[in-house]
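Okay, so here's the structure we're looking at.
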Amino acid sequence: VKNVVFSSIYGHLPFCEVICHYCDFYTDRSAKADHERLASAMALQALQGAGQFAPILDTVYLGGGTPSKTPPDCLEKILAPLRPRLNKETEITLECNPSDCKPDNVRAWRSLGFNRASLGIQSLDDKTLKQMGRNHSRREALDALACLLEHFPSVSADLIYGIPDQDEGAPAAEAQELMAKGVHHLSAYHLTLNEKHFLFKRLPEGEAARAQLEALRRIALEKGFTHYEVSNFCTPGHASRHNQVYWTGRPYWAMGPSAHGYDGLSRRWQIKANWRKYCEEMEGTIAPEITQEELTEPQRQMELLFTSLRTEAGLPRAAWIQRFGWDLGEVCGPLWGEWAQRGWALPLSDRMRLSFAGQMLTDSLVLALLKQSERLDR
Ligand code: SF4
């Protein structure tokens, strides 16, 4: 990727102690891991890419997999080539599993410079955790959270809703408990499974899952959280800057097997999801194998709409005009006005923002906008 300056980096560490029943990410069992080798390969890749990085990086996010399984000295190896480009403003996130959040580890992560922890709690109900194949209990999740909150300035927790046999009020009650403990940020994800999955037939109806999110949202707003993206809630100053890079279509650089990158214009790529092959390539000083996709203009439009309309900030009309040279708000003004009347959208301003009810319909609203704009003569 030429002539692009990257201020954000996503690094993928695929190893997990057990593979959860619903997992859709590139993972491998940590029993087979060679953390040292993968860390060295990622450090090499970061060195090779350094010429394209901004003088000071805005965000670095290590996800997975379970990055917290990687020993701290290997995490240091990965961060070392980035160090000259990190300062105290850089948001440096580590995804953590509750079973790894022992005080020694947590202190080590902090001293490496991680300043944001994203904890995969998923549920606070032992039966649900077991059903999902998670390797931790409710107690371990709460202990991990307490330890992270003691040491980290910004802590996020993930919850999942729409789980078979989950109590309707469970996600909201769990969110309430986590907020009472002092968590700064919550992500609530709707469980999605492919049709062949053994739990697929037992998934609750879409309406029931939506009611769970609605209840969670109500409590979060009551507690002073902002619902700043359909799946994300935060206290003031704790929105994930890294995720906002994705939602606003800015460039990010990919490091590690299966990681995705984007040039902020029209090119996406993904590093091959095979950590051994990735290590071999880096050790042989050849670029890692990637698959590339050149997005067409309609694809870019669709992506920007899907991501930005799910955020509270919505789509700034100027951002659209800058990318595509015409004003979506003007072209789709009457349609938008109808949606505002129905309670799906906020009145058109310099931004296009959906209400929560509208966000629940994002898929069909985006398609309607694109269809409308195709039909009209611009
Ligand atoms: S911990 Fe996360 S990445 Fe690992 S198997 Fe479970 S869901 Fe997948």
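The values are calculated or read from the model by the stated rules, or taken from the named source; none is laboratory data. Fair warning: this is a prediction, and the values are worked out from it, not measured in the lab. Glycine gets a Cβ as well: all are built from the backbone with ideal geometry, and neighbour counts include every protein chain shown. Accessible surface is based on the protein model in full, side chains and every heavy atom, while ligands, DNA and RNA are left aside. Shrake-Rupley method; radii C 1.70, N 1.55, O 1.52, S 1.80 Å.
Please turn the phi angles of region 108-124 into ³J(HN,Hα) values with the Karplus equation 6.51 cos²θ - 1.76 cosθ + 1.60 (θ = phi - 60°), one per residue in order, whole Hz, x for glycine and proline.
5, 4, 4, 6, 6, x, 5, 10, 9, 10, 10, 9, x, 7, 6, 7, 10
Can you give me the C-alpha center-to-center distance between region 1-37 and region 274-314, rounded to a whole angstrom?
14
Shape of region 261-378 from its Cα gyration tensor (a ≥ b ≥ c, root eigenvalues): rounded if a/c is under 1.5, otherwise prolate when a/b > b/c, or oblate?
Details: a/c = 3.25, a/b = 2.38, b/c = 1.36.
It comes out prolate by the Cα gyration axes.
Quick check: Cα centre of region 123-163 to Cα centre of region 182-254, how many Å?
After rounding, the separation between the Cα centres reads 15 Å.
Go through VAL60, TYR26, SER99 and say which Cα lies farthest out towards the positive end of the charge dipole of region 17-102; charges sit on Cβ, +1 for Lys and Arg, -1 for Asp and Glu.
Sorting the options by dipole projection puts first VAL60.
Given axes a ≥ b ≥ c from the Cα gyration tensor, I'd like to know whether the chain is rounded (a/c under 1.5), prolate (a/b larger than b/c) or oblate.
The shape class here is oblate.
Helix-derived [θ] at 222 nm for the chain: sum -39500 (n - 2.57) over DSSP H runs of at least 4, divide by residue count, nearest 500?
-11500 deg cm²/dmol
Let me know the charge dipole size of the chain about its Cα centre in debye, to the nearest 20, where only the beta-carbon of Lys, Arg (+1) and Asp, Glu (-1) is charged. Walk me through the numbers on the way to the answer.
Values: 43 positive and 47 negative charges, 68 e Å.
About 320 debye.
Go through LYS69/LYS272; LYS69/LYS196; LYS32/LYS196; LYS32/LYS102 and tell me which ones have a Cα-Cα distance over 24 Å in this structure. Don't jump to the answer; show the numbers that get you there.
Numbers: LYS69/LYS272 21 Å; LYS69/LYS196 29 Å; LYS32/LYS196 27 Å; LYS32/LYS102 22 Å.
From LYS69/LYS272; LYS69/LYS196; LYS32/LYS196; LYS32/LYS102, over 24 Å: LYS69/LYS196; LYS32/LYS196.
Counting heavy atoms of the protein chains only and a 1.4 Å probe, report the per residue accessible area for region 223-378 as a whole number of Å².
Solvent-accessible surface per residue comes out at 48 Å².
Which FRET efficiency value, to the nearest 0.05, do you get for THR248 and LYS102 by plugging their Cβ-Cβ distance into 1/(1 + (r/R0)^6) with R0 = 25 Å? Walk me through the numbers before you get to the answer.
Numbers: r = 36 Å, r/R0 = 1.45.
E(calc), rounded to 0.05, equals 0.10.
Given the whole protein assembly as supplied and a 1.4 Å probe, what does the accessible area of ARG276 come to in Å², nearest 10?
Accessible surface of ARG276 is approximately 110 Å².
Picking from ALA254, THR291, ALA345, whose Cα lies most toward the positive end of the charge dipole for region 237-378 (charges on Cβ: Lys, Arg +1; Asp, Glu -1)?
After comparing all options, I get ALA345.
Check which residues have an amide H placed less than 5 Å from GLY264's amide H, if you skip close sequence neighbours.
Amide H neighbours of GLY264: TYR252.
Share of antiparallel DSSP beta bridges in the chain, in percent to the nearest 5?
40
Amide H of VAL60 versus every other amide H placed in the peptide plane: which residues, excluding those fewer than 5 positions away on the same chain, fall under 5 Å?
For VAL60, whose amide H was placed from the backbone, the distant partners under 5 Å are ILE9, GLU91, ILE92, THR93.
So if a site counts as exposed when it's one of the chymotrypsin sites (Phe, Trp or Tyr not before Pro), its DSSP state isn't H, G, I, E or B, and it has at most 15 other Cβ atoms within 10 Å, what's the longest stretch of the chain without one?
Looking at the chain, 26-197 is the longest stretch - no exposed chymotrypsin sites (Phe, Trp or Tyr not before Pro) with at most 15 other Cβ atoms within 10 Å.
Going from most exposed to least, what order do LEU191, LEU361 have by accessible area with a 1.4 Å probe?
Largest to smallest exposure gives the sequence LEU361, LEU191.
Can you give the extra length, in nm with one decimal, that the chain gains between MET302 and ASP165 once fully stretched, where that is 0.36 nm per residue apart less the Cα-Cα distance?
On the way: separation 137, 0.36 × 137 = 49.32 nm, distance 3.46 nm.
Using 0.36 nm per residue and subtracting the Cα-Cα distance, I get 45.9 nm.
In the chain, carbon and sulfur make up what percent of the accessible area (probe 1.4 Å)?
51
Using the Karplus equation 6.51 cos²θ - 1.76 cosθ + 1.60 (θ = phi - 60°), what ³J(HN,Hα) coupling, rounded to whole Hz, does each residue of region 82-93 give in order, writing x for Gly and Pro?
Whole-Hz 3J(HN,Hα) from phi for region 82-93: 8, 3, x, 10, 10, 9, 6, 7, 5, 7, 10, 9.
For the chain, build the charge dipole from Cβ charges (+1 Lys, Arg; -1 Asp, Glu) around the Cα centre, then report which of PRO164, LEU365, ALA313 sits farthest towards its positive end.
Most positive-ward Cα: ALA313.
Please list the non-local residues whose amide H lies under 5 Å from the amide H of GLN122, H modeled 1.01 Å from N, same-chain partners needing a gap of 5 or more.
ASP158, LEU159, ILE160
Report the charge-dipole magnitude of region 31-121 in Debye, nearest 20, computed about the Cα centre from +1 at each Lys and Arg Cβ and -1 at each Asp and Glu Cβ.
With Lys and Arg at +1 and Asp and Glu at -1, about 80 debye.
For region 192-318, what does the alpha-carbon gyration tensor say about shape, rounded, prolate or oblate, given a ≥ b ≥ c as the root eigenvalues, a/c under 1.5 as rounded, and a/b over b/c as prolate?
prolate
Could you go through region 260-276 in sequence order and give the Karplus-derived ³J(HN,Hα) for each residue, using 6.51 cos²θ - 1.76 cosθ + 1.60 with θ = phi - 60°, rounded to whole Hz, and x for Gly and Pro?
So the J values, rounded to whole Hz, are 9, x, 8, 8, x, 10, 9, 10, 10, 8, 9, 6, 3, 7, 8, 5, 5.
Between ASP73 and GLU177, what is the label-to-label distance in nm when each label sits 7 Å out along the Cα-to-Cβ direction?
Placing both labels 7 Å along Cα→Cβ, they lie 3.8 nm apart.
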